[in-house]
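A.B. asks: Right, I'll just put the structure down here and ask away after.
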Amino acid sequence: MNGFGASLGRLVRGAISPKILGIIGLLAAVCLYTALASDNFLRLGNLENVVHRTALFGILSIGVAFVIITGGIDLSVGSVVCLVGVLLPWLLAEHGWSVAAAVAFVIGLGSLIGLIHGLLVTRLGLQPFVVTLCGLLIYRGVARGLTQDQSQGFGTGFKGLRALATERFAVFGEGGFAIPATAVVFLTIAVAAAVFLNRTVWGRYLLALGRNEQAARYSGIDTDRMKILAYVISSTLAALGGMLFVLDINAAQPSDFGNFYELYAIAAAVLGGCSLRGGEGSILGLAVGSALMVVLSNMINLVHPRYQNIEFAIIGGVILAGVIADELVRRAARRRPRGAAA
């Protein structure tokens, strides 16, 4: 038991770096400010919605993080969310597909998109920015073309499937806080991702690839295969997120569904400890970063509604601050050994 406790303690200490502690402190400060400024923040319904939204965007962030860890970027996440979000009700309600076939098709499509991205980056040597930027445009265009730019929804049907995103599990009995079903999905994915990244050889390969691709290749790692795996994970989780988003709101308009969701995902990843240079990442940090993005949005809506029009400017500022902080930390780390040697 003591050995288990010591191992658990080392695992927790290893997962909570100073950078993650800083973002946890920032999240706590924003929550405290919002709670003091608005009586609605601590209402059970609002807290459940914050957890629900954090889970949805957290799923996207985990996928993006795997790509960022390899030193790449995925700008197509929002458009994959859109494509899946309109395809699922389109196939079910308009074309009469079975639930199993439709779900398997859209998740498989997400995996195929990631495979194509990975092959273009590794086999043709294209820049990830260019590949996924083109994907951002292509997938939304396909979604709008297939549906003739018409909103898609489930109507009053498919309640069992929609429960994946709308169900709530009571924790303290009737009228108490309820855990959204999406939070259960997110926690399951987060635990699996954390184990994969920190406790398997493939996770170590991904981190090594991001730190120094040439050294990783010389050490025998199939870097192309690992990059492809990262893009497949990203697009598959984007497809799962798109499915949950549309199941939640029961409607998807191809022109704007999923717009800028890649910003939320990348921002959460950067704030959560992922370096845009690659080689660093923490699933716990991603969860905290996703929560911070959602709470910031919630704060604007509750406390400063007149600033809703500049929400994206605030998100952009947060991303910039995270990148600047990452650069300053790296520079300080590079100077430290020289100072110690002197």
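A.B. asks: Counting only residues that are farther than 30 Å from Gly85 by Cα, give me the helices (runs of 4 or more DSSP H) lying completely in region 144-227 with at least 1 of them. Full working, then the answer.
C.D. replies: On the way: elements: 159-166, 181-199, 201-211, 213-218.
Answer list for region 144-227: 181-199, 201-211, 213-218.
A.B. asks: Separate question: Of all the residues that make up region 43-84, how many are of a type outside the set (A, V, I, L, M), over 27 Å from Val142 (Cβ atoms) and over 11 Å from the mean Cα position of the chain (by Cα)?
C.D. replies: Within region 43-84, the subset of a type outside the set (A, V, I, L, M) is 43, 45-46, 48-49, 52-54, 57-58, 61, 63, 66, 70-72, 74, 76, 78-79, 82.
From what is left, the residues that are over 27 Å from Val142 (Cβ atoms) are 43, 45-46, 48-49, 52, 54, 71.
Narrowing the set further to residues that are over 11 Å from the mean Cα position of the chain (by Cα) leaves 43, 45-46, 48-49, 52, 71.
Total meeting the criteria: 7.
A.B. asks: In region 116-144, what residues are on the phi < 0 side of the Ramachandran plot, surrounded by fewer than 23 Cβ atoms within 10 Å (Cβ to Cβ) and among the small types (Gly, Ala, Ser)?
C.D. replies: The one that is on the phi < 0 side of the Ramachandran plot, surrounded by fewer than 23 Cβ atoms within 10 Å (Cβ to Cβ) and among the small types (Gly, Ala, Ser): Gly141.
Here is a yes/no grid of residues against (1) surrounded by fewer than 16 Cβ atoms within 10 Å (Cβ to Cβ); (2) in a helix (DSSP H, G or I):
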{"position": "Ala29", "(1), (2)": "yes, yes"}
{"position": "Thr34", "(1), (2)": "no, yes"}
{"position": "Glu48", "(1), (2)": "no, yes"}
{"position": "His52", "(1), (2)": "no, yes"}
{"position": "Phe57", "(1), (2)": "no, yes"}
{"position": "Gly63", "(1), (2)": "no, yes"}
{"position": "Gly71", "(1), (2)": "no, no"}
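A.B. asks: Give all pairs with beta carbons closer than 7 Å in which a residue from region 301-325 that is in contact (Cβ under 8 Å) with a residue 24 or more places away in the chain meets a residue that is surrounded by fewer than 16 Cβ atoms within 10 Å (Cβ to Cβ) and assigned to a helix (DSSP H, G or I); count only pairs at least 6 apart in sequence or on separate chains.
C.D. replies: Taking only residues 6 or more apart or on different chains, the pairs are Val303/Ala37.
A.B. asks: A further question follows. Scan region 281-295 and tell me whether some residue there is in contact with a Cys (Cβ under 8 Å, 6 or more places away or on another chain), modelled with pLDDT of 80 or more and part of a loop (DSSP other than H, G, I, E, B). Can you show your working first?
C.D. replies: So the first thing to find is which residues in region 281-295 are in contact with a Cys (Cβ under 8 Å, 6 or more places away or on another chain), and the list is 281-282, 285-286, 295.
Right, trim to modelled with pLDDT of 80 or more and you get 281-282, 285-286, 295.
Now drop any that are not part of a loop (DSSP other than H, G, I, E, B), which leaves 281-282.
Yes: region 281-295 contains one or more residues that are in contact with a Cys (Cβ under 8 Å, 6 or more places away or on another chain), modelled with pLDDT of 80 or more and part of a loop (DSSP other than H, G, I, E, B).
A.B. asks: A follow-up question, please. Tally time: how many residues in region 1-20 are within 22 Å of Val270 (Cβ to Cβ), of a type outside the set (S, T, N, Q) and either surrounded by 11 or more Cβ atoms within 10 Å (Cβ to Cβ) or at pLDDT 85 or above (or both)? Show your work before the answer.
C.D. replies: Of region 1-20, the ones within 22 Å of Val270 (Cβ to Cβ) are 14-20.
Narrowing the set further to residues that are of a type outside the set (S, T, N, Q) leaves 14-16, 18-20.
So of that shortlist, the ones also either surrounded by 11 or more Cβ atoms within 10 Å (Cβ to Cβ) or at pLDDT 85 or above (or both) come out as 15-16, 19-20.
Residues that pass the stated criteria total 4.
The rows are residues; the columns are (1) more than 30 Å from Leu271 (Cα to Cα); (2) modelled with pLDDT under 95.
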position: Val77; (1), (2): no, no
position: Leu88; (1), (2): yes, no
position: Ala104; (1), (2): yes, no
position: Leu112; (1), (2): no, no
position: Cys134; (1), (2): no, no
position: Asp149; (1), (2): yes, yes
position: Phe154; (1), (2): yes, yes
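A.B. asks: Another question, if that's okay. So which residues in region 113-143 are in a helix (DSSP H, G or I), more than 16 Å from Cys82 (Cα to Cα) and of a type outside the set (Ser, Thr, Tyr), if there are any at all?
C.D. replies: The initial filter retains those residues of region 113-143 that are in a helix (DSSP H, G or I), namely 113-122, 128-143.
Filter once more, keeping what is more than 16 Å from Cys82 (Cα to Cα): 115-122, 128-131.
Scanning region 113-143 gives Leu115, Ile116, His117, Gly118, Leu119, Leu120, Val121, Pro128, Phe129, Val130, Val131.
A.B. asks: Every residue in region 206-225 that is surrounded by 18 or more Cβ atoms within 10 Å (Cβ to Cβ) and either at pLDDT 95 or above or over 21 Å from the mean Cα position of the chain (by Cα) (or both), please.
C.D. replies: Ala208, Glu213, Ala216, Ile221, Thr223
A.B. asks: Something else: Of all residues in region 176-201, which are loosely packed, with under 13 Cβ neighbours inside 10 Å and either touching a residue at least 24 places away in the same chain (Cβ under 8 Å) or among the hydrophobic types (A, V, I, L, M, F, W, C) (or both)?
C.D. replies: So in region 176-201, the residues loosely packed, with under 13 Cβ neighbours inside 10 Å come out as 176, 188, 191-192, 195, 199-201.
Gly176, Val191, Ala192, Val195, Val201, listed by residue number.
A.B. asks: Which residue out of Leu302, Leu276, Leu263 is surrounded by fewer than 24 Cβ atoms within 10 Å (Cβ to Cβ) and either among the hydroxyl-bearing types (Ser, Thr, Tyr) or over 16 Å from the mean Cα position of the chain (by Cα) (or both)?
C.D. replies: Details: Leu276 fails: either among the hydroxyl-bearing types (Ser, Thr, Tyr) or over 16 Å from the mean Cα position of the chain (by Cα) (or both); Leu263 fails: either among the hydroxyl-bearing types (Ser, Thr, Tyr) or over 16 Å from the mean Cα position of the chain (by Cα) (or both).
Checking each option against the conditions leaves just Leu302.
A.B. asks: Of the residues Val185, Val232, Val171, Val201, only one is in contact with a Gly (Cβ under 8 Å, 6 or more places away or on another chain) and either modelled with pLDDT of 95 or more or farther than 19 Å from Leu286 by Cβ (or both); which?
C.D. replies: On the way: Val185 fails: in contact with a Gly (Cβ under 8 Å, 6 or more places away or on another chain); Val171 fails: in contact with a Gly (Cβ under 8 Å, 6 or more places away or on another chain); Val201 fails: in contact with a Gly (Cβ under 8 Å, 6 or more places away or on another chain).
The match here is Val232.
A.B. asks: Could you please let me know if Arg168 is of a type in the set (Lys, Arg), surrounded by 15 or more Cβ atoms within 10 Å (Cβ to Cβ) and touching a Leu at 6+ places or on another chain (Cβ under 7 Å)? Outline the logic, then answer.
C.D. replies: Numbers: of a type in the set (Lys, Arg): yes; surrounded by 15 or more Cβ atoms within 10 Å (Cβ to Cβ): yes; touching a Leu at 6+ places or on another chain (Cβ under 7 Å): no.
No.
A.B. asks: Would a scan of region 241-256 turn up a residue that is of a type in the set (Ser, Thr, Tyr) and under 30 Å from Leu21 (Cβ atoms)?
C.D. replies: First, the residues of region 241-256 that are of a type in the set (Ser, Thr, Tyr): 255.
Filter once more, keeping what is under 30 Å from Leu21 (Cβ atoms): none.
No; the residues of region 241-256 include none that is of a type in the set (Ser, Thr, Tyr) and under 30 Å from Leu21 (Cβ atoms).
The values are calculated or read from the model by the stated rules, or taken from the named source; none is laboratory data. Only a predicted model underlies this, so the values are computations on that prediction, with no experimental measurement involved. As a convention, Cβ positions derive from the backbone with ideal geometry for all residues, glycine included, and neighbour counts pool all protein chains shown.
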